[in-house]
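One structure is given here, and the rest of the page talks about it.
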Amino acid sequence: MSLFGYPAAILHRKAIVDDWGRSAGFDEVPLSAKVVEEQKLIKSSKVENVQGEMVHSSIEVHLEGPHLVTMLDEFVYVTNLAQVIKFRPVHFEVKKHIGTDDVKKVIVYG
């Protein structure tokens, strides 16, 4: 395991949301990403709790460029040892180029 992450192919399962805001299925989009498997505490992005709460994160996925991510999405990642890791985001960050609205990358914590 690399301390700085390693390139990987992941599957972004984008949630199809119905009229009531529930997940009614998924659209699957294969992506190239950088994966960092690291245990850490992060502040969650829960809407009902404005301040957020500290939650455990065991993986972070760095997606280059703009990507729309919601809390209903799923990510599927297969390790080199053929372990399938499926997770939902607990928090995500959008990093932009300094002084612009151009999205450099999206970091998803799960």
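The values are calculated or read from the model by the stated rules, or taken from the named source; none is laboratory data. Predicted, not measured: the structure shown is a model, and the values here were computed from it. Here Cβ is always computed from backbone atoms with ideal geometry, including for glycine, and neighbour counts include all displayed protein chains. We work out accessible area using only protein heavy atoms, side chains counted, and drop any ligands, DNA or RNA first. Shrake-Rupley method; radii C 1.70, N 1.55, O 1.52, S 1.80 Å.
Scanning segment 91-110 for residues that are of a type in the set (Asp, Glu) and either open to solvent by less than 40 Å² (accessible area, probe 1.4 Å) or assigned to a strand (DSSP E or B) (or both) returns a single hit, Glu93.
Could you check segment 59-75 and list, in sequence order, the residues that are free of Cβ contacts under 8 Å to residues at least 60 places away in the same chain and open to solvent by less than 20 Å² (accessible area, probe 1.4 Å)? The answer is Ile59, Glu60, Val61, His62, Leu63, Gly65, Val69.
Among residues of segment 20-32 being aliphatic (A, V, I, L, M) and either modelled with pLDDT under 90 or open to solvent by 40 Å² or more (accessible area, probe 1.4 Å) (or both), the one that is nearest to Ala82 (Cα to Cα) is Val29. Looking across Val35, Val78, Val17, one residue alone is modelled with pLDDT of 85 or more, among the hydrophobic types (A, V, I, L, M, F, W, C) and open to solvent by less than 60 Å² (accessible area, probe 1.4 Å). It is Val35.
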